[in-house]
């Protein structure tokens, strides 16, 4: 009965958050729904291991089916910038984790909390590792929300540079037409 109540609240929370357009709505809304029931009922609800494993398999499959020959081919020109970006982000995450430790405010599994990655994948990994799933998920949710909220401002700041780059390419004959 408790499990059905938690899963029902998680489903409602996830669907509502998605409907409202919340970043990471399905996962974050379901976390809120399940947490609300857990807090209301005083805790003690556990998701059976076979359901957790099944959910991880579905998340892995959902990500895996996005890999196509076309997506792999499209990665060729950006592989070096992507690897460089990933290494710098990982280094920044490790540095932030170290700083949080020095300050005495590091969450459980601080390196995972400050590492790059998708909210659902990193949250699933934290659950699988059994350390700080709530804290890790919150770190990533805050990151995702801030990125989404800051994108319009970042895009407007970089738009002038993009237009100049496109004009330069066109002037060198690399592009037949560039939308102004």
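The numbers here are math on the coordinates, done by the rules we state, and not lab data. Computed from a prediction, not measured in an experiment: that's the story for all the values here. Cβ coordinates were reconstructed from backbone atoms using ideal geometry, including for glycine residues, and neighbour counts include every protein chain displayed.
Got a sec? Which residues in segment 108-141 would a label at residue 20 touch, if it sits 7 Å along Cα→Cβ and we count backbone N under 16 Å?
Counting only backbone N, you get 141.
Between the helical axis of 133-171 and the dominant principal axis of the chain, each derived from Cα atoms, what acute angle in degrees is found, rounded to the nearest 10?
Once rounded, the angle reads 10 degrees.
Using a Gaussian network model of the chain whose springs link C-alpha atoms within less than 10 Å, name the residue from 108, 116, 77 with the highest mean-square fluctuation.
So, out of 108, 116, 77, the one fluctuating most is 77.
Given axes a ≥ b ≥ c from the Cα gyration tensor, I'd like to know whether segment 30-132 is rounded (a/c under 1.5), prolate (a/b larger than b/c) or oblate.
It comes out oblate by the Cα gyration axes.
Could you work out the relative contact order of the chain? I mean the mean sequence separation of Cα pairs under 8 Å and 6+ apart, divided by the number of residues, in percent.
Result for the chain is 14 percent.
Rounded to the nearest whole Å³, what is the per residue volume of the convex hull around the Cα atoms of segment 1-47?
Roughly 53 Å³ of hull volume per residue.
Helix 2-19 versus the longest principal axis of the chain: what angle, 0 to 90°, nearest 10, using Cα atoms?
It is inclined by approximately 30 degrees.
Using just the helices of the chain, give the 222 nm mean residue ellipticity in deg cm²/dmol: DSSP H runs with n ≥ 4 each add -39,500 (n - 2.57), and the total is spread over all residues, rounded to 500.
-25500 deg cm²/dmol
Applying 1/(1 + (r/R0)^6) with R0 = 35 Å to the Cβ-Cβ distance of residue 41 and residue 149, what FRET efficiency is obtained, to the nearest 0.05?
Efficiency at R0 = 35 Å is approximately 0.55.
According to a simple spin-label model (label point 7 Å from Cα along Cα-to-Cβ), what is the distance in nm between residue 62 and residue 98?
3.5
Using alpha carbon centroids, what distance separates segment 1-78 and segment 119-154, in Å?
Segment 1-78 and segment 119-154 have Cα centres separated by 12 Å.
Angle between the Cα long axis of helix 79-103 and the longest principal axis of the chain, 0 to 90 degrees, nearest 10?
Computed tilt is about 50 degrees.
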